[in-house]
Structures are given as structure tokens and as C-alpha cells.
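Down below is the structure, laid out as C-alpha cells.
Please treat every number below as a calculation from the coordinates, not as lab data. Treat the numbers as computed from the prediction; the structure is a model and nothing was measured. Heads up, the Cβs are rebuilt from the backbone with ideal geometry, glycines too, and the neighbour counts pull from every protein chain shown.
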Amino acid sequence: MFQIRVEAADLAEEEEAKAEETPLVNAQDLQDASFLAGNPQVRVTTGKLRFYRADKPYSSSSSTQQLPKERSTLVCVVTVPSHMSPVEILEFLASFREDIALVRILKDPERSNCMVLMQFNSQERADQFFQAHNGKYFNSIEQERCKIVFVRSIEFDPVIGENDPDYDALEEKRADGEDDAPPSPRSERRASNAQMRKLFPPPPAGMTEIPTCAVCLDRLDASASGILTTLCNHSFHCDCLFRWEGSSCPVCRYSHGDIGSSCEVCGTADHLWICLICGHVGCGRYSGEHAKQHYQETLHTYSLELETQRVWDYAGDGYVHRLILNKQDGKFVEFPSPNNLSGERSQTPPTTSAEEEEGEHRKLEKLAVEYNFLLKSQLEEQRLYYERLLARVEEGESRQLLNAHEHERKHLKRTNAALAEKTKKLEDELTFVRELNKSLIENQKQWKERVRLLEEQNERVEQETALRIGDLEGQVRDLMFYLDTQNKVEQSAHREDIIGGTIEIESKPAAKDNTSTTSSARRKNKKKR
């Protein structure tokens, strides 16, 4: 047995704590809570959980939850109903499950509830969890409110175990006092543990072997995912346990929803009866007769004995747990037992031949009804079987259609990528062509200007050339005339006379004089040549 002491820091002001440092026990109210952990069929661990509450408790009915000044990432929920399974607890913590590193469930057998210790990854998420769930109902059905406290520290009290020196001294004293006594089972267990340690040596110093999850067989690393430890001391990943169907443990099949029944009036756990109408649990005649008192107050006739599962009729003062439904009038009648050895009362008088015949007829009718029910159940199972087959076929078709759509999507994606690449290439070409066109337009303007200048220059050159050609044509005419005249003179009979003669030219207008003078001068020059 070991004890856990949890110090809860609620609303203690930090300034007051610094100014007035008094012992924790004197300043705050000490409350103890017993807990239970482990599978009862294997090993049960018991202990106490101690809470230190602040002088100024918070109000759970306030709309905004005020955070304590002193708080940590370790949070304790102290009022969890015991019938809530670990999966339901994870559903309650769904919005914060990814931020929780460790979860440990402890059961309080005295108050029929559980306590959940949670280690958050950050202080911010722990504060948000406190503000979101403190003082709230677990769901719309539960009457219990979620009460959350911040945990300041957890202390494990030392206990005497098989590996402690005190236990070894105790074994030595026992061996000295009883030399002939047979070895105790603990000594044999210690020897077997020593052999196991030889076969499987402990990890190196400073290192710890990480256990594995029983569902996914991966290592339970708190830094990678949240870890939940159940009441039976088995640890799992939160996600793995959340996907586990059922409330039992995946390892030992221990059901976490087992609730110990007790009388609602006196609290005794022996000779209990439960009302079949409202579910009230009371004790029998060997205790306080609170079950009968409940009948007298409510006139609920039928009550079930929890130990034997037999039904008692307070109105008829007898066991009527062999009731069947009459098809004719819809009322409950007692079915007689073949061996009336259990002490039930008989409500049927001696039967006559007509009643026996009617009983046989009813028996055949019951067999027919039973056959109809059996046929109906078989047809229902067959319907479910074929519905599952159709669901499989539809699932296969949908999977094929999905694969086809996926293949088409990939093809369209590739085509789209190719078209996008082609579009990009064409856009690049278009940009290049536009720049080239812009450059050509600028060059065209420059060349047009140069062509205009060349045309003007060409026009001037043509004019000058035309003038020079006109001048040259006049000179050629004169030259031809000179050559022609010279040829004629040489062929003439009066050549000598002409050579020694003088040519006189009549006077003409100034322009003509200049022209003739120029022409005669040119002829003279040619003659001289």
C-alpha cells in the first residue's frame, strides 16, 4: 500500500503567500480521498489522495473561471463518475486530447467516483482546460459537475517491499527464529525474480526501457503521443484506446464500469433488491427491509433479488419470475415450473380436460409463435447477410469508380500540367515577339527617317546631275558639230581656203552672244588642240 499526496493550488494570491508564509497544513483545509487501482482478480493497489485547498475557494457557478496564481501543467479532475469508461473520458477530453501527455485514472470506492490525473504539454492548454470544463456538467444526463484543481506536487510515501533492505532484515530475523520453517512464497518469488533479472538484465544506468502499447505494439513515448493508464494499471496510446470498441481493458478484459451496489437508505451491500419499475435499490428482510418500505411508499409491485435474479411479487406475496405474456389479453401470467422445488407459489387451480385441451392448443400456438419468431429472426439475419453482401459489392463498385476517377484526375492533372507548361512557353514566345515587334517598330522609325534623308539627298543629287547632264549634252553637241565640220572641211575641195579663212559671226542678243562666244571659244580651243 502506498499513498499519494496531491497539493491543489486554487485561488491563493501570490502576494499574500509571500507576505504570510505559514505551514500548509495550518493555513488550508486537509481532505483525504481513498483510491483503488488495479484488477481485483490480479492485484489491487489502494491508498489515499490528499488535497490541500486554498483559503479562498473559487465559485463553480461563476461565468468566468479565475485562474489561480500558482498553477502547473498537472491537473486533477476529482469528481468523475465511476461508470464512465476510459473511452468516454477521452471523448470528454476530445478537444484537448492532442495536448495531454499522460492520463492516470484512480477510483474512489467510498464515493463511487473516479479521479483523473492529467499532464498537459503546455501551461496555456492546461489553463484553457480549467476555464472550459471547471464547474460544467460532464454531459446532459450526468448530475455530477466537473471539479478541477491544479496539482502542485505528487509525493509517494515509502513502503516496505520485496526489494527494500527492511524487508531483507525481516526475512533474516524470520530465518533465525525458525530454522526448520519452509521458505515463504515471497522468498520463492524473489528467487524467481532474481532468475528473471539474470535472463533479462536491467537497462544501462540513466536509461529507461520504454514499454509498448498493447493495441498497436508501438513504444509508449509521451513526447510523441498521449498515454492513458487505466484502473487495471495498463497503459495505452490515447488514440488506440479511443478506437477500442467496448469498455473492457484490451489486455486483461477488466470492465471499468463495474459499480458496487448498496442500499440507497442504509448503505448495506448484502441482501439487496432492485425495483423493476424505477430501479430503486433496497435491502431485504434480513437487514432493514428498505425494499419493502419502498413498495409501501410507491406500490411498485415487482422487485428483483440481485443475488439469485428472482422476482418477488409484493401483492401476491410470492416469486413470479416465471411470467409470460398472454397473447389473448396482453397480461402477464405465471408459467408453471416443471419441478416446483424453488418455493414459488402456484397461482393455477387444478385443471380439467377442457383446460388441458386448451393448454395443448395454447402450447401448439406458442410453438407456432416461437417458430414464427425463429423464422423472422433467421430471415432478419439473412437480410442482414445479403445487405452486407450488397454493401460489399457497392463498396467494390464505388472503389473501382473512385479508382477510375482518381486515374482520370491524375491524367487530367498531367494534361493540365502539360498545357500549363505549353501556355507558359507560348507566353514567353509572345513576350519575345512583342519585344521584337517593339524593337522593329523603333528600327522602322529610324530607317524611315534615314530613307527620307536619303530621298532628299538623292533629289538634290538628281537635280545637280540633271544640270551637269544638260551642260555635258551641250558640250557633246558642240564637239559633234566640231568633228562633223572638221570632217566636212577635210573632204571639201576648198579645204585650203577654208583653213586659212576667217568666220565672222553676226552680233546677237547678249545671251546668244555669250552662248556663241562660248561655243566659238570652245571651237578655237579644239582647233588649237
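Placing pseudo-labels 7 Å out from each Cα toward the beta carbon at R477 and R414 gives an inter-label distance of 9.0 nm.
Once the chain from V433 to K488 is taken as fully extended at 0.36 nm per residue, the excess over their C-alpha distance is 12.3 nm. The peptide list 404-416, 280-292, put in order of mean Cβ contacts within 10 Å with the highest first, becomes 280-292, 404-416. Evaluated at q = 0.32, 0.33 Å⁻¹, the base-10 log of the normalised Debye intensity for region 380-422, with identical point scatterers placed on the Cα atoms, takes the values -0.94, -0.96.
Footprinting exposure proxy ranking of V78, V151, fewest other C-beta atoms within 10 angstrom first, gives V151, V78. The distance between label points at L306 and Q66 comes to 4.3 nm (points 7 Å beyond Cα on the Cα→Cβ vector).
In this calculation the C-beta distance from R219 to N139 is compared with R0 = 35 Å, giving a FRET efficiency of 0.55. Just report the Cα centroid separation between region 479-494 and region 274-289, whole Å. A separation of 171 Å, based on Cα centres. Fewest-first ordering of I148, I498 by other beta carbons within 10 Å of each residue's beta carbon gives I498, I148.
Could you tell me what a quarter of the Cα convex hull surface of region 84-128 works out to, in nm² with one decimal place? That works out to 3.4 nm².
Computed from label points 7 Å out along Cα-Cβ, the spacing between L389 and Q123 is 6.5 nm.
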